Amino acid sequence: MNDLPTNIARRLIRATPTATLATSHIDDAWPYASLVLLACRYDASPLLLISNLAEHTKNIVANPRVSLLIDGTPGLEDRLTGARITVLANAHPSDAEDDRARFLARHPSASTYADFADFRFFHLEITRTHLVAGFGKIEWIGAPDLVLAGNHDALQSRETDIVAHMNADHADAIELYATKLLDRPAGAWRMTGCDPEGCDLALDGEVARIDFKNPVADATQARAELVALANQARA
């Protein structure tokens, strides 16, 4: 994936497992910031799972406008040189099964409470995003440019099959993706998701993101990219 600002911003949303959510009650001028688990739809718009009892959810019910800080700088010696984005969005409750499936695949531990009566999934409808990709690399990006356009049904309908097949039959390739291409430690890495721009990997509490060279639209194209990545890793 190239380093266009839109690609950098979308990759941060896809690759980062947590974010800082800022909300504000409609009658209260003080913003309230909290740590949340993060997943996203195929188009890279964020997904949250939060409790009705939480202060941020009470704020969202009163005022759906939120701000989400997604930080890609951990591990850098000078974190201000790294990329981060602030997403401005409207948060809407979601009952979509695809949203639930993608979130729980990314955060399997959340399945222990996802069905509690007080928990709900939320989809964040992006209005615009502010990208800071290092000193002097600062840009506002509108939703039409950031959110991945197109119909992704052909790939999304096969995502579960792709992930299950890779984990069951090609665990060695997944580990090579992590160790050879991403310089991550060896271990029983597993694939947790596959979208048009790449795949998500996980090992215990650690996550990783492997990008496709070319965007894919269906399972056949995804297979070709996965094979190419495996060949690259083995080389």
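Observations on the model:
- Index of the failed condition, GLY136 passing every other in (1) in a strand (DSSP E or B); (2) surrounded by fewer than 18 Cβ atoms within 10 Å (Cβ to Cβ): (1)
- Residue within region 39-55 that is touching a residue at least 40 places away in the same chain (Cβ under 8 Å), of a type in the set (D, E, K, R) and touching an Asp or Glu at 6+ places or on another chain (Cβ under 8 Å) present: yes
- Candidate set from region 49-74 (those that are of a type outside the set (A, V, I, L, M, F, W, C) and under 19 Å from the mean Cα position of the chain (by Cα)); member that is surrounded by the most Cβ atoms within 10 Å (Cβ to Cβ): GLY72
- Single condition ASP28 does not satisfy, out of (1) of a type in the set (Asp, Glu); (2) loosely packed, with under 13 Cβ neighbours inside 10 Å; (3) modelled with pLDDT of 95 or more: (3)
- Pick from region 114-138, criterion in contact with a strand residue (DSSP E or B) (Cβ under 6 Å, 6 or more places away or on another chain) and free of Cβ contacts under 8 Å to residues at least 40 places away in the same chain, ranking: farthest from HIS56 (Cα to Cα): ILE138
- Residue check, ALA91 modelled with pLDDT under 95 and surrounded by 20 or more Cβ atoms within 10 Å (Cβ to Cβ): no
The values are calculated or read from the model by the stated rules, or taken from the named source; none is laboratory data. Source: prediction; values computed, not measured. Neighbour counts are summed over all protein chains in view; Cβ atoms, including those assigned to glycine, are modelled from backbone coordinates with ideal geometry.
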